[in-house]
Amino acid sequence: MICLSFPYIKNGSKIEVIAEKGTMVILPQKKTLDDMLAMVTSENIHSEISTCSLAGNEEW
């Protein structure tokens with residue numbers, strides 16, 4: 001039995017296990033868009049970002 005420590009994987013974390021060329025790869029499970037949007041709150045959302053002046057026929 002081999003025991004390894006993964007600082008980004010905690011007890012209860014969802015993981016993805018891939019068998020690749022005789023090696024087992026363990027990765028944190030990728031989050032869905034819904035998972036990520038659920039983490040947005042009024043405390044951590046940023047304000048509108050100005051990117052530049054108009055370059056064509058944009059109208060906002």
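Quick notes on this structure:
- Å² per residue, accessible surface of the chain at 1.4 Å: 106 Å²
- For Cα Rg over 2.2 N^0.38 Å, calculated from these coordinates, the label among (1) 1.31; (2) 1.96; (3) 1.44: (2)
The values are calculated or read from the model by the stated rules, or taken from the named source; none is laboratory data. Keep in mind that what you see is a predicted model, and the values were worked out from it rather than measured. Keep in mind that these areas ignore ligands, DNA and RNA; they rest on the heavy atoms of the full protein, side chains included. Shrake-Rupley method; radii C 1.70, N 1.55, O 1.52, S 1.80 Å.
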